[in-house]
Amino acid sequence: MNKFIPVNEPLLDGNEKKYLVECIDTGWISSEGPFVQRFEETMAHVAGRTYGIAVCNGTVALEVAVAALELRPGDEIIMPSFTIISCAAAVIRRGCVPVLVDSDPDTWNMDVLQIEAKITPRTKAIMVVHIYGLPVEMDAVLSLASRHGLRIIEDAAQMHGQTYKDRPCGSFGDISTFSFYPNKHVTTGEGGMLVTDDERLAERCRSLRNLCFQKKRFVHDELGYNFRMTNMQAALGMAQTERLPEFVSRKRHMGKLYTELLSAVPGIQLPLSKKEYAENIYWVYGLILNDEVSFDAEEAMRRLANKDVGTRPFFWPMHEQPVFRSRGLFKGQSYPVAERLARRGFYIPSGLALTNEQMERAASAVVEIMK
Ligand SMILES: Cc1ncc(COP(=O)(O)O)c(C=O)c1O
């Protein structure tokens, strides 16, 4: 057997079909069906929060978060350079200024020791992004935010079911967000969620999600969006969250197996299995090519594709994005860890439907290309 091993395949063999059929049988297919509220309550509970506001993806969840916090044009938001463009886009679309910090070379998360030097009188928030499986060192962020009066936006898109010092990821931001894209531990196909404990913020998020309708329908005093999630998406989400503990434990098992299979391979850095504040949840299993390896991540991914193993590159840093450079942003800035992660890092098949046999084949292919 030599079938291509996809980089991600979701697991949809629980109650997904049953709940979807329920949507069709009852006619509740828009955002007004009962699964939406159930899913909001469930995800709020998962994150240890009071309110959940479902939206149509994790990117717009960040847009709504920035808008709901009433950050003004020119306000600065500190965030990692090594992240997805959704984070910087949400900030820039609001007229705010993303201020970047580099990453920690071992956890790949924002280096929290670099934050304080970036705080100015215009700084209003820190956007924390938990990357690939280990959470950001939150104690440092919470203490800085409290000392300098900053808001926290927590992007927990990849962190369903992860904790920091036993407290759920998604519980740390004034507003925290999730994505439910199919490579996430909980998927709705496309989908996202904001969670918060602040009733007023929750109300603002709900309003922004739904065109800012006022009491008198079709009369608006603010421009909102249609970012609603459908009942069908939420139905999938409910079936998925029922299995979250099982998914988290499977992901940890997968991470452990890959680490056993790959720890003796020369030339690659593997994900850390844990920090003192958390065990890795291995949202994806990333590899970094050491500097002495003669080829880069792009070449490694090409070689693995030839061996029927799917891969994905790591994020490309925000300060190196052509779309931002052409706007004159981040001129002359350099974040060497983020630059190296982007060029030397990639991830191997990590989806929940992956079998141990497929993981063994993927790991053997890595061994082969590193010879
Ligand atoms: C850290 C992070 N934030 C935001 C997003 C955006 O989520 P979505 O793809 O649902 O728009 C992603 C997507 O993978 C992500 O990894």
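FYI, it's all coordinate maths here, none of it is from the lab. A quick note: this is a predicted structure, and the numbers were derived from the prediction, not measured. No Cβ is skipped: glycine too gets one built from the backbone with ideal geometry, and neighbour counts run over all protein chains shown.
The GluC sites (Glu not before Pro) of the range 12-87 that meet both conditions, a loop assignment by DSSP and at most 12 other Cβ atoms within 10 Å of the site Cβ, are Glu32, Glu70.
Counting other beta carbons within 10 Å of each Cβ, put Ile281, Ile92, Ile119 in order, fewest first.
On the way: Ile281 24, Ile92 19, Ile119 16.
By the 10 Å Cβ count, ascending: Ile119, Ile92, Ile281.
Determine the shape class of the range 135-258: with a ≥ b ≥ c the square roots of the Cα gyration tensor eigenvalues, call it rounded for a/c under 1.5, and otherwise prolate if a/b is greater than b/c, oblate otherwise. Oblate, since a/c reaches 1.5 and b/c is not below a/b. Residue exposure proxy: Met370, Met318, ordered by other Cβ atoms within 10 angstrom of their Cβ from fewest to most, comes out as Met370, Met318.
Treating only the Cβ of Lys, Arg, Asp and Glu as charged (+1, +1, -1, -1), what charge dipole size does the range 92-221 show about its Cα centre? Round to the nearest 20 debye.
Numbers: 17 positive and 17 negative charges, 187 e Å.
That gives the range 92-221 a dipole magnitude of about 900 debye.
Looking at the range 287-371, the GluC sites (Glu not before Pro) that sit in a DSSP loop and have at most 11 other Cβ atoms within 10 Å of their own Cβ are Glu292.
Using the Cβ atoms and a cut-off under 12 Å, what net charge is assigned to the surroundings of Leu244, where Lys and Arg are +1 and Asp and Glu are -1? Don't skip to the end; give the middle numbers.
On the way: positive: Lys184, Arg243, Arg250, Lys251; negative: Glu242, Glu246.
Summing Lys/Arg as +1 and Asp/Glu as -1 gives +2.
Of the residues Gly237, Pro80, Ala202, the one whose Cα sits farthest toward the positive end of the charge dipole of the chain, with +1 on the Cβ of Lys and Arg and -1 on the Cβ of Asp and Glu, is Ala202.
Counting only Cβ charges, +1 for Lys and Arg and -1 for Asp and Glu, the dipole size of the range 258-371 around its Cα centre is about 480 debye. Taking a ≥ b ≥ c as the square roots of the eigenvalues of the Cα gyration tensor, an a/c ratio of 1.5 or more together with a/b no larger than b/c marks the chain as oblate.
With a ≥ b ≥ c the root eigenvalues of the C-alpha gyration tensor of the range 263-336, is it rounded (a/c under 1.5), prolate (a/b larger than b/c) or oblate?
Details: a/c = 2.03, a/b = 1.37, b/c = 1.48.
Cα axes put the range 263-336 in the oblate bin.
Determine the dipole magnitude for the range 1-99: charges of +1 sit on the beta-carbon of Lys and Arg, -1 on that of Asp and Glu, nothing else is charged, the reference point is the Cα centre, and the result goes in debye to the nearest 20.
Numbers: 8 positive and 12 negative charges, 45 e Å.
For this selection, approximately 220 debye.
Taking 24 Å as the cut-off for C-alpha to C-alpha distance, list the pairs among Lys124/Lys184; Lys184/Lys256; Lys18/Lys184; Lys251/Lys275; Lys251/Lys274 that go past it. All intermediate terms of the calculation are to be shown ahead of the outcome.
On the way: Lys124/Lys184 30 Å; Lys184/Lys256 19 Å; Lys18/Lys184 21 Å; Lys251/Lys275 17 Å; Lys251/Lys274 14 Å.
Where the Cα-Cα span goes over 24 Å, the pairs concerned are Lys124/Lys184.
Need the C-alpha centroid separation for the range 266-299 versus the range 169-216, integer Å. What the calculation gives is 31 Å, centre to centre.
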